[in-house]
Structures are given as structure tokens and as C-alpha cells.
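Novice: After the C-alpha cells below, expect a handful of questions from me.
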Amino acid sequence: MRKLRRLTEAEVIAEFLRGEFFQKEYDADRDQFASLVQHPNLTDARENEVRRILLFRRRDTMWWELPDDRQWWEIDFEPEDVEQVSVFPRAHWRKIARGNFRALDVAARIRQLKDTEPDEFIKKISDICSNLSTDLPQGMIILLGIDEERPVTLLEGNHRFMAALLAGGPQHLRNARMVAVFSPQMEKCCWYKTSLLTLARCLKNRIKHHWDRDTDLARLLAATAGTDDLGAFAGNTRPAKSK
């Protein structure tokens, strides 16, 4: 694994949101913000803030757990780097992994289940496999790690990464953008390393941000109305996430 280019968080958020914008959370105002999402101006601070708030409708709890000193990097991911990768230790992956989240071992488990106990989750990964040979962009794969030399955990793109392994290897992700977020403090993040301490930190963050987060898009746009053309968006917005 090799660092290629340092990324700004605004750049990561813009691409992440573009890949999420089909979700139901954006149904009411997709047309209103389509241009801002599909054609981002990363030099505009207000645009960047709007995209951050929009993304946090779905991804706020994920972002809270990332260390403050994080750095985002575009990386060169070689086939042998797969040895260092683990899947996201949450949701359906816990059932599949049975305590062993190493990506290669999870892929082997999925192959077994595909033949013996296929379900909707396995079918979803199989469907992704069949689409890997197309030339369509595959979005970002995001990895969490301390640095490029040590093990990493998939934060985003678990299904696509597993589908690539089932199809023959990570070379099938040639149309994906490989991104890593590195921090010396990453072991404090429960998405990277699950323990009683990291889970306690996660709970503390959820309580804290439930009360102090600023996710009101209407308030932001109303405060900046009258400059450029973002003020036109202020009439039909809603909080990024209802409580």
C-alpha cells in the first residue's frame, strides 16, 4: 500500500455524498441540490458545509468516531495488500465472520454460504460480482488505519471489496477509488478496533453529539442568504437528521 495524494475532507465528503445521493433521505430535495452534489466547487466553503450536512443525514455517527488528527489519502492498493484488510465489524458482517473479520477468511466463508445457505445478503454480493467487469465507476473504497504499513479495516465498500475477492482478487476494483484515512490514534476508533474502551467512547460521542451537533441546513443557508446563489436554497430545507 502506497500513499499517492493527500485529500481534503471536503473532497472526500463530496465524492461520498455523490455516491449516496440516490438514498431516500434525499428524495424531498434531490432536485434542489443536484447541481451542488454532482458538480461540486471545493473552493467554496459554504458549498462544502452544505454537502457535509447533507452527508451527515446518513453518516454522522460514522464520522464522529474518526480521530481528530485524521489524514485522508488516495492510495495505490496492490493485490498483496489484501492480507492486511479486515471487514467492518458491524451489522451482518458479524454473523458472516463469526469473530474472524480478516477479509480473505470472510470471503472464504461467503463462498461456503453461497453454496449451502444463500440469502439476500449473499445474493447482493453475487450481483455486485457480476457487475465488476463493466467499465462503470465503482465509487470510493475507504480504509481505516494507523499508517500504510499496518493492518487496515474497511469503512466503506465492504460489499464491493468482498465481491472483488470472490471474483478473483482486488484487481477487479480497478474502477474504484481507493482511499485511506490514517491516524496514530486510530485504535481509539470502534470501527477500527472493537473493545469495551472503544465502545464506551462511541457511546459517549453519541450522547455528546445528540445535544451539540449543528445539522440545521435551513439555518446555515438562511444565515448566508443574499450572497452568490446558495441563498436560493434556503426556502425548502430541513435538519440533516431528525432527533
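Novice: Can you give the local net charge around HIS92? Use residues other than it whose beta-carbon is closer than 11 angstrom to its beta-carbon, Lys and Arg +1, Asp and Glu -1.
Specialist: On the way: positive: ARG90, ARG94, LYS95, LYS124; negative: ASP119, GLU120.
Its environment carries a net charge of +2.
Novice: Follow-up. With the other protein chains left in place, how much accessible area per residue, in square angstrom, belongs to the range 1-75 at a 1.4 angstrom probe? Present the calculation step by step, with values, prior to reporting the outcome.
Specialist: Numbers: 3490 Å² over 75 residues.
I get 47 Å² per residue for the range 1-75.
Novice: While we're looking at this one, here's another question. Excluding GLY157 itself, calculate the net charge of residues whose Cβ lies under 13 Å from the Cβ of GLY157, where each Lys or Arg counts +1 and each Asp or Glu counts -1. Let's see the in-between values first.
Specialist: On the way: positive: ARG160, ARG177; negative: GLU15, GLU20, GLU156.
Result for the neighbourhood of GLY157: -1.
Novice: Once you list every other residue whose beta carbon is under 11 Å from the beta carbon of PRO170, what net charge do they have if Lys and Arg are +1 and Asp and Glu are -1?
Specialist: Details: positive: ARG160, ARG174; negative: GLU78, GLU80, ASP81, GLU83.
Local charge sum for PRO170: -2.
Novice: Give the shape of the range 87-195 as rounded, prolate or oblate, defined through the alpha-carbon gyration tensor: a ≥ b ≥ c are the square roots of its eigenvalues, a/c under 1.5 means rounded, and otherwise the shape is prolate if a/b is larger than b/c and oblate if not.
Specialist: On the way: a/c = 2.30, a/b = 1.26, b/c = 1.82.
It is oblate, given that a/c is not under 1.5 and a/b is not larger than b/c.
Novice: Suppose every Lys and Arg Cβ carries +1 and every Asp and Glu Cβ carries -1, with no other charges. What dipole size does the range 4-107 come out with about its Cα centre, to the nearest 20 debye? Write out the running numbers ahead of the final one.
Specialist: Working: 17 positive and 22 negative charges, 114 e Å.
It comes to approximately 540 debye.
Novice: Moving on to the next point. Can you send over the carbon and sulfur percentage of the accessible area for the range 50-141, probe radius 1.4 Å, protein chains only?
Specialist: Details: 2220 of 4620 Å².
The nonpolar share, carbon plus sulfur, comes to 48 percent.
Novice: Something else now. Could you work out the relative contact order of the range 1-159? I mean the mean sequence separation of Cα pairs under 8 Å and 6+ apart, divided by the number of residues, in percent. Each step should come with its number before you reach the end.
Specialist: On the way: 146 pairs, mean separation 42.2, N = 159.
About 27 percent, as a whole number.
The values are calculated or read from the model by the stated rules, or taken from the named source; none is laboratory data. Quick caveat: nothing in here was measured; it's all calculated off a predicted structure. Virtual Cβ from ideal backbone geometry, glycine too; neighbours counted across all protein chains shown. In case anyone asks, the SASA skips ligands and DNA or RNA and just uses the protein heavy atoms, side chains included. Shrake-Rupley method; radii C 1.70, N 1.55, O 1.52, S 1.80 Å.
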